[in-house]
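Encoded as structure tokens, the structure appears first; notes follow it.
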Protein chains: 2
Amino acid sequence: MTSFNYDEYYKNLGDSVNKTMDKYLTPDPNFPELLNEVIRYSVFAGGKRLRPVLLLATLEAFGIESTPLLPAAAALEFLHTYSLIHDDLPAMDNDDYRRGKLTSHKRFGEAAAILAGDGLLALAFRAIVDCLIEPDLLILMIKELAEASGVRGMVAGQMADMYYEHKTVTPDMLEFIHEHKTAAMIAAPLRMGAIAASASDESIALLTEFGYSIGLAFQVMDDLLDVIGNDQELGKRSRVDEERGKATYVSVYGIEESKKLVDKQTAHAISLIQHVKELEHPEYLIGIAKYLSKRSQ
Amino acid sequence: MTSFNYDEYYKNLGDSVNKTMDKYLTPDPNFPELLNEVIRYSVFAGGKRLRPVLLLATLEAFGIESTPLLPAAAALEFLHTYSLIHDDLPAMDNDDYRRGKLTSHKRFGEAAAILAGDGLLALAFRAIVDCLIEPDLLILMIKELAEASGVRGMVAGQMADMYYEHKTVTPDMLEFIHEHKTAAMIAAPLRMGAIAASASDESIALLTEFGYSIGLAFQVMDDLLDVIGNDQELGKRSRVDEERGKATYVSVYGIEESKKLVDKQTAHAISLIQHVKELEHPEYLIGIAKYLSKRSQ
């Protein structure tokens, strides 16, 4: 097994993802200039491109060329970006900064931010139809994307998160929030990649569990970084969860238990990967799981 | 040619559309109860189901069974409902009433309304994948839906509408707003139906122009009803466009010219239908065009 470096791996894939997103954001007479500007401001504000990279890494792990599926990678990032813009709105988390820059509504106003989010949501589904793959597999991928981002996925998680604020949150409620708000959209690229590779049901189930495990570890790290991270590295204010009365792993389990949970979920995820028989390059997914458990931003 | 009655026609199709939408809104443990309630409140608040009916009427006009495509009809209505919820938000049109009921954010709060809209947008794409039709045609239909609702379609129109408020609006700007904000999503069911029927490019082009023509007539009627309609029949406050400095056909062209424009666009639309060679039942689409030009709500 070769060694794996996320930053290097990302450098190669990230460029292709950015170029693909750029193509969908080319200004034209039907695309109002201001709307284009607002969307580009958030899409190209930086970020790890984790969800696209997970899709492309899954495809490459199966030994499948990833280029024909770049539109699906762009779609995942468009959806992620929309969720950040809407989550930051005054009626939601009311955040002023994101990735070291003013949030969309602070910079362009609320109406523009709402519409930029709506536009990105629709653009994700416009982009994914351009994937070069058998139509029946593409439809299954679109279904995954819609499920993971929808009323039984990410939107469900955000709704629960908003309405549990300042309430006594049980471990079950916390699990619901994080599974739906974060992990569903981290498991989606794994499932979509496996579908594109025509993987067995058993392998899809293993990769789904891998996705939920690293997604949970990712969210617990997020909660930890809010408490032990520093603002400059994070590009946003830390220690806001407590102020807001947000339900987090740290507030429910404490710092030490949360750290242990990250390691446990990561180890569990890695152990699952070994059982996915069709994988030619399991080291890509293992490398990403390890990288996520050590991140500082 | 048999006579056509929209209300009777709608009664048959509307029930099937409502049942299909209901299926996607069945409560389950992954779908938070409050989110479900907020969405159902707006989806089942009444309305003409115009976009679904236009899709089903197009299919029937081509002599194609419409039942297998009911999920696409539901998708159109989900998208329309999301657009109403977000357009009513305080940062947008700030409306308190819609269809005679409190708007979503007035009833449930802003965060819930934003998330209900987001959820409906994703649910539209989740629903449409369930259509029973060849996968390659379905992908083309999904592409239409994403284009019409997206940054070069409905969202573009809403953005232009918001940012032209209280500015001197030229006829060109007004055309851009209405073509994108309203007509694109009225032409979409026509195009989707024609695609499902494997219609010729010529027929698709004719039906697209039909859609834009009745869409424009529909929007001009909306502007007229805001001035000459009564609140009770409309289910919302009238005469708000002027207060807001909204760009409307009536403010640019006056009442009489606007009425003439409705008749002209409707006559033009009907003349186009005669040229669509494959249609077995042109009377459905002609009937809808006539109905829309005479509506009082």
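Quick notes on this one:
So that you can scan it fast, the table gives a plain yes or no per residue for (1) modelled with pLDDT of 95 or more; (2) under 23 Å from A:ASP226 (Cβ atoms):
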residue	(1), (2)
A:PRO90	yes, yes
A:ILE114	yes, no
A:LEU121	yes, no
A:ALA124	yes, no
A:ILE139	yes, no
A:LYS143	yes, no
A:ALA156	yes, yes
A:LEU174	no, yes
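- A:MET92 closer than 24 Å to B:ARG126 by Cβ and surrounded by 24 or more Cβ atoms within 10 Å (Cβ to Cβ): no
- Of residues in region B:167-181 being part of a helix (DSSP H, G or I) and away from chain A (no Cβ under 13 Å), the one farthest from B:ALA72 (Cα to Cα): B:PRO171
- Selection status of B:ILE142, surrounded by 24 or more Cβ atoms within 10 Å (Cβ to Cβ), facing chain A (nearest Cβ under 8 Å) and not acidic (Asp, Glu): yes
- Pairing each residue of region A:245-273 that is within 18 Å of A:ALA160 (Cβ to Cβ) with any residue that is not in a helix (DSSP H, G or I), provided the two are 6+ apart or on different chains, yields C-beta distances under 7 Å for A:GLY245/A:GLU165; A:GLY245/A:HIS166; A:LYS246/A:GLU165; A:ALA247/A:VAL169; A:VAL252/A:VAL169.
- Counted residues, region A:109-139 - those being within 22 Å of A:GLU37 (Cα to Cα) and facing another protein chain (nearest Cβ under 7 Å): 11
- Scanning region A:22-38 turns up no residue that is of a type outside the set (D, E, K, R) and under 18 Å from the mean Cα position of the chain (by Cα).
- Residues of region B:152-161 that turn out to be part of a loop (DSSP other than H, G, I, E, B) and more than 7 Å from chain A (Cβ to nearest Cβ), as a count: 1
- Across region A:1-29, the number of residues qualifying as touching a helix residue (DSSP H, G or I) at 6+ places or on another chain (Cβ under 6 Å) and within 10 Å of chain B (Cβ to nearest Cβ) comes to 2.
Results for (1) assigned to a helix (DSSP H, G or I); (2) in contact with a Pro (Cβ under 8 Å, 6 or more places away or on another chain); (3) surrounded by fewer than 23 Cβ atoms within 10 Å (Cβ to Cβ); (4) in contact (Cβ under 8 Å) with a residue 40 or more places away in the chain, shown as yes or no for each residue.
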site	(1), (2), (3), (4)
B:LEU115	yes, no, no, yes
B:ASP118	yes, no, no, no
B:ALA122	yes, no, no, no
B:ILE133	no, yes, yes, yes
B:ALA148	yes, no, no, yes
B:TYR163	yes, yes, yes, no
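- Just one of the numbered conditions (1) more than 20 Å from A:GLY211 (Cβ to Cβ); (2) under 18 Å from the mean Cα position of the chain (by Cα); (3) facing chain B (nearest Cβ under 8 Å) is not true of A:SER149: (1).
- Spans of helices (runs of 4 or more DSSP H) in region A:182-297 with at least 3 residues surrounded by 16 or more Cβ atoms within 10 Å (Cβ to Cβ): A:184-196, A:201-228, A:249-253, A:255-273, A:282-294
- Within the option set A:VAL38, A:VAL17, being surrounded by fewer than 24 Cβ atoms within 10 Å (Cβ to Cβ), aliphatic (A, V, I, L, M) and in contact with a Leu (Cβ under 8 Å, 6 or more places away or on another chain) holds for one residue only, A:VAL17.
Residue by residue, here is whether (1) touching a residue at least 60 places away in the same chain (Cβ under 8 Å); (2) aliphatic (A, V, I, L, M); (3) within 14 Å of chain A (Cβ to nearest Cβ) holds:
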position	(1), (2), (3)
B:ASN36	no, no, yes
B:ARG51	yes, no, no
B:PHE62	yes, no, no
B:THR67	no, no, no
B:TYR82	no, no, yes
B:PRO90	no, no, yes
B:ASP95	yes, no, yes
B:ARG98	yes, no, no
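The values are calculated or read from the model by the stated rules, or taken from the named source; none is laboratory data. In this text the structure is predicted, and so the values were computed from the model without any measurement. For neighbour counting, all protein chains shown are included, and Cβ atoms are generated from backbone atoms with ideal geometry for every residue, glycine included.
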